[in-house]
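A short write-up of the structure that comes next.
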Amino acid sequence: MSLTLKSRITLNDGHSMPIFGLGLYQAESSSKTIQIITDAIKLGYPLIDTAEIYKNESQFGEAVKKGIKREEIFLTTKLFTTEGGCEGCQKSFKNSLEQL
């Protein structure tokens, strides 16, 4: 089996997700990052990976506002919980949603 940008893996719940994507670790929080995200999606990258701690989740949101169809993208993000526990996770989740 050859792997392509369209290759997917089936999860335990029956849903599938792309195997390949663009990771935003150490990507600047700038208009350049928005353009990189937009270009990657136009080139066929189906997954964008970010995290609250990367400080660039809002660039994904801006790229979507520029006309990228949200349904065409599989997004992963990671929570940053310095406070820990359920409340810390909920706070981190809400922060990510606001940025995205």
* Asked: Say we look at the range 20-39 and pick out the residues that are within 13 Å of the chain's Cα centre (by Cα) and either surrounded by fewer than 17 Cβ atoms within 10 Å (Cβ to Cβ) or of a type in the set (D, E, K, R) (or both); which of these is modelled with the lowest pLDDT?
  -> Y25
* To do: Pull up the range 70-98, narrow it to residues that are surrounded by 11 or more Cβ atoms within 10 Å (Cβ to Cβ) and of a type in the set (G, A, S), then point me to the one that is farthest from S16 (Cα to Cα).
  => G88
* Would you mind stating whether L75 is in contact with a helix residue (DSSP H, G or I) (Cβ under 6 Å, 6 or more places away or on another chain), within 17 Å of L97 (Cα to Cα) and among the hydrophobic types (A, V, I, L, M, F, W, C)? => no
* Structure fact -> Within the range 40-69, restricting to residues that are of a type in the set (S, T, Y) and in a helix (DSSP H, G or I), the one that is surrounded by the most Cβ atoms within 10 Å (Cβ to Cβ) is Y54
* In the range 70-100, which residues are among the polar types (S, T, N, Q) and either assigned to a helix (DSSP H, G or I) or in contact with a Leu (Cβ under 8 Å, 6 or more places away or on another chain) (or both)? -> T76, T77, Q90, S92, N95, S96, Q99
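Could you grab me the full set of residues in the range 3-15 that are among the polar types (S, T, N, Q) and either at pLDDT below 90 or surrounded by 12 or more Cβ atoms within 10 Å (Cβ to Cβ) (or both)? Can you show your working first?
Taking the range 3-15 as the starting set, the residues that turn out to be among the polar types (S, T, N, Q) are 4, 7, 10, 12.
Of everything in the range 3-15, just one residue is among the polar types (S, T, N, Q) and either at pLDDT below 90 or surrounded by 12 or more Cβ atoms within 10 Å (Cβ to Cβ) (or both), namely S7.
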* Give the range 43-85 a look and list any residue that's closer than 19 Å to K32 by Cα and of a type in the set (F, W, Y), or say none. => Y45, Y54, F60
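The values are calculated or read from the model by the stated rules, or taken from the named source; none is laboratory data. Being a predicted model, the structure only gives us computed values, none of them experimental. Quick reminder, even Gly has a Cβ in these numbers, built from the backbone with ideal geometry, and neighbours come from all protein chains shown.
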